[in-house]
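The values are calculated or read from the model by the stated rules, or taken from the named source; none is laboratory data. Every value quoted in this text rests on a predicted model; they were computed, and no experiment measured them. Positions of Cβ are generated from backbone atoms using ideal geometry, with glycine treated the same way; all protein chains shown enter the neighbour counts. Only protein heavy atoms, including side chains, enter the accessible area calculation; ligands, DNA and RNA are left aside. Shrake-Rupley method; radii C 1.70, N 1.55, O 1.52, S 1.80 Å.
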Amino acid sequence: MRMRTLKTPMIAAFAAVAITAQTLAATAAELNILTWEGYAADKFISKFQTESGCKVTASYVGSNDDFAAKLAAGGGVYDIITPSLDTVPMMRLAGFVQAIDTAKVQGHDSIYPEFSKNSDFVAEGATWAVPLVWGSVSLIYRPDKFTTKPDSISVLFDPAYKGKISLWDDKSAIYWTARYLGYNNVFDLTDEQLDAVKAKLIEQKPLIRKYWASAGELTELMANQEVYVSNAWTGLTSKDVNNLKKGFEVVEFTPKEKAEGWMDSMMLVKDTPNQDCAYKFMSFMQSADGQCGIAESTGYFPVNPKAVESCMSDELKKERQVNNIEFVKSLVMWQQPKRLDKYLEVWNAVKAAP
Amino acid sequence: MTLTRRTLASFLALFSLPLAWVLLLLVVPYAIMISVGFWTRQFPLFHPDFQFGNYVQIFSDPQYTTVIVRTLKIATFVTLGAVILGYPLAYFLVFTVRSAALRNLLYMSVIVPLWVSYLLRAYTWKIILGTDGALNSLLVSTGIVDAPLDIFLYNQTAMVITLVYIFVPFMVMPLFTVLDNIPRRLIEASEDLGVGPFMTFWKVIFPLSLGGVIAGATMTFCLAFGDFVAPVLVGGPNGTMVANLLQTQFGTALNWPLGSALATVVLALVLVLLQLSMRLDRAGRVDLA
């Protein structure tokens, strides 16, 4: 009897330890994503977590240049990164990522081939990135503060709006200014052209209230009436500002010098220990839940028309350019600048200038 | 004196931890930083090297010198602002407030903001100074201005205001201690000899408090010089400071060699400053014994 009383708690203790260890092992499956705001919204991520048993931890970047910076500062922390078109080649060249086995990504075949077979994605005989979502960068303004509807990038350089203009704190400021100056080779500007762009941007500085560093900051600048016009990630900022119901509206428009197109894709960080979860995540993001989930939380466009077939209304499909790959041709799709270092140096010089 | 086995053991027991700390967390990192400053950036990353190109770039490209000079200017204004606000405050606490309880309460109220997150306090200034902010609402509702002004936020003045507010405790703390330690008999002697309050301050109190002023100013200047949050939160397009440049080189530009060289220049500037303040302190020291 005495023996038994002693034994029972011991067995219970062992059982408890075993169960705890098991739960620990189950929850040990994790996935760390370095991504953009809105790309890991609880609504669809929680579904992925239940389905896959992988616990997702998301960290956010403010610009594409943050990916390399964060990976260089100590890899091994992230499993999946989601850089844009213009940053994908650099990730491969720097050796931060490993090739992707597309056979393990369910739904890969139904992605727009224009995206999935992009020459920056399929290189050195392997695939390096899986498209996730795409969209455009257009201009956003306050109609109540403008007498005529603006139709050109020139509005960002108009002294009439001194102190009410914002611009994304990103090397893409160079792309916008280059188009405004009438250059077509936006991603391969000559030294003279870059000098002209730099001079124009420095000339613009007194008109700028603040360079915005994150979507949240632009929303705040617009909502608090600090600025009336800026470039913005189409869909996101206008939705966020108008949802605040501040008594005024912001409206997006495409300038005659064209808007910019971008596409974000998933890349697999080199030697990630969580490959299984990473592939499960990539597959999930090509499913109806993933594609419609991210499209809903961001306002951006899906890359996988087949996946959104049943989860989007026809109206929404039209708005999100589903199966309208022609729309891409109306945009200046991002590319990695031929001389990335030079572009960054120019942008930094603009910001440092008095 | 020779170290016996016993004194060596106690020496090690007492100092090995702080010495290891200094070596591992200060000396080694500085050595790494200085050596990376000689490396070469080569797209997409960088490789070890020994060359002075990064320093040539820092001193030949005006973007770096512009920002260093701007940072020195802003740190100077912040230090001046902190002295102008902090000295009278410390003086008031030590010499005017009679009740020790009230004095402690007031002193604590100056220090307490340090417990609140720096970010939060800087962010608050955005809410105060903004176009739709508290200051503008006050000005408009009292009829002083017709429409909200946008001159308060997103410029260098906003940065100086925010930084002064944040760093003023670092000025008040050493000043309070120094003023509090001035023997009251010296002030009484001065008054007994018929010297007026202003001359007593100028000839007795101020010289004796100079050490506190120098300590507070050095601390405030160095903190403001290295700040990178105020430019991001309340600075405008021309608010970039040297710490933001460092952040860019280690971040977006991914040019650690140039960033390390720049950090070495900053370190050298701070060391010169500390040397200067130590000399000033020594020259102004009065022997109270």
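So for the protein assembly as shown: antiparallel DSSP bridges make up what percent, rounded to the nearest 5? Working shown, then result.
Details: 28 of 43 bridges.
The answer is about 65 percent antiparallel.
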Loop trypsin sites (Lys or Arg not before Pro), segment B:30-127, which have at most 15 other Cβ atoms in a 10 Å radius of their Cβ (DSSP)
B:ARG98
Ignoring any ligand, DNA or RNA, what whole percent of the accessible area of the protein assembly as shown comes from carbon and sulfur when the probe is 1.4 angstrom?
64
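Tell me, what is the Rg over Rh of the protein assembly as shown, with Rh the Kirkwood radius over Cα pairs? Before the final figure, lay out the partial values.
Details: Rg = 30.0 Å, Rh = 28.7 Å.
My calculation puts Rg/Rh at 1.04.
Rounded to a whole number of µm²/s, how large is the Stokes-Einstein D of segment A:283-354 at 25 °C and 0.890 mPa s, given Rh as the Kirkwood radius over C-alpha pairs? Mind showing how you got there, number by number?
Numbers: Rh = 14.7 Å.
It comes out at roughly 166 µm²/s.
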A:HIS108, B:HIS47, ranked by accessible area, largest first (probe 1.4 Å)
B:HIS47, A:HIS108
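Which loop trypsin sites (Lys or Arg not before Pro) in segment B:193-289, with loop taken from DSSP, have no more than 14 other Cβ atoms within 10 angstrom of their Cβ? The partial results should precede the final answer.
Values: sites: B:LYS203, B:ARG279, B:ARG282, B:ARG285; in loops: B:ARG285.
Answer in residue order: B:ARG285.
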Rounded to whole Hz and in sequence order, give me ³J(HN,Hα) for segment A:30-35 from the Karplus expression 6.51 cos²θ - 1.76 cosθ + 1.60, θ = phi - 60°, writing x for Gly and Pro.
9, 9, 10, 10, 9, 8
Hey, how much of the P(r) for segment B:11-55 falls beyond 15 Å, as a percent of Cα pairs?
57
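Does segment B:65-284 come out rounded, prolate or oblate by the C-alpha gyration tensor, with a ≥ b ≥ c the root eigenvalues, rounded set by a/c under 1.5 and, if not, prolate when a/b is larger than b/c and oblate if not?
Values: a/c = 2.46, a/b = 1.36, b/c = 1.80.
Judged from the Cα gyration tensor, segment B:65-284 comes out oblate (a/c at least 1.5, b/c at or above a/b).
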Quick calc, segment B:138-289, dipole around Cα centre from Cβ unit charges on Lys, Arg (+) and Asp, Glu (-), nearest 20 debye, gives 420
Using helices alone, I'd like the mean residue ellipticity at 222 nm for chain A: each DSSP H run of four-plus residues gives -39500 (n - 2.57), total over residue count, nearest 500.
-12000 deg cm²/dmol
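For the protein assembly as shown, with only Lys/Arg (+1) and Asp/Glu (-1) charged at the beta-carbon, what is the dipole magnitude about the Cα centre, in debye rounded to 20?
Taking the Cα centre of the protein assembly as shown as origin, the dipole is about 1840 debye.
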How big is chain A by Rg and Dmax over its Cα atoms, in Å?
23.5, 94
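Which percentage, to the nearest 5, of the DSSP beta bridges contained in segment A:30-126 is antiparallel? Could you put the intermediate results ahead of the total?
Working: 1 of 9 bridges.
The antiparallel fraction comes to roughly 10 percent.
Assuming R0 = 22 Å, can you tell me the calculated FRET efficiency for the pair B:VAL97 and B:ARG121, based on Cβ-Cβ distance, to the nearest 0.05? Please report the intermediate quantities before stating the final value.
Values: r = 25 Å, r/R0 = 1.14.
Between B:VAL97 and B:ARG121 the formula returns 0.30.
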For segment A:133-290, take N as its residue count and report Rg(C-alpha) divided by 2.2 N^0.38 Å.
1.21
Averaged over the residues of B:166-176, the number of partner chain Cβ atoms within 10 Å of each residue's own Cβ comes to 0
Inter-part distance where segment B:63-91 and segment B:3-32 are each reduced to a Cα centre, Å:
36
For labels at B:GLN275 and B:VAL27 in the simple 7 Å Cα→Cβ model, what's the distance in nm?
2.1
Per-residue SASA entry for A:SER310, accessible area with 1.4 Å probe, Å² rounded to 10:
110
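Hey, got the dipole for segment A:87-158? About the Cα centre, +1 on K and R Cβ, -1 on D and E Cβ, debye to the nearest 20? Numbers along the way, then the final one.
Values: 6 positive and 8 negative charges, 36 e Å.
Charge dipole, segment A:87-158, about its Cα centre: 180 debye, nearest 20.
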Counting DSSP beta bridges in chain A, what percent are antiparallel, to the nearest 5?
60
Would you give the gap between the C-alpha center of segment A:171-212 and the C-alpha center of segment B:93-120, rounded to a whole Å?
50
Excluding same-chain residues fewer than 8 positions from A:LYS318, which lysines have a Cα within less than 21 Å of its Cα?
A:LYS239, A:LYS258, A:LYS306, A:LYS329
Using only alpha carbon pairs under 8 Å that are at least six residues apart, calculate the relative contact order of chain A and give it in whole percent.
27
Per-residue HN-Hα couplings for segment A:342-354 [Karplus 6.51, -1.76, 1.60; θ = phi - 60°; Hz; x = Gly/Pro]:
5, 4, 5, 5, 4, 5, 5, 5, 4, 5, 7, 4, x
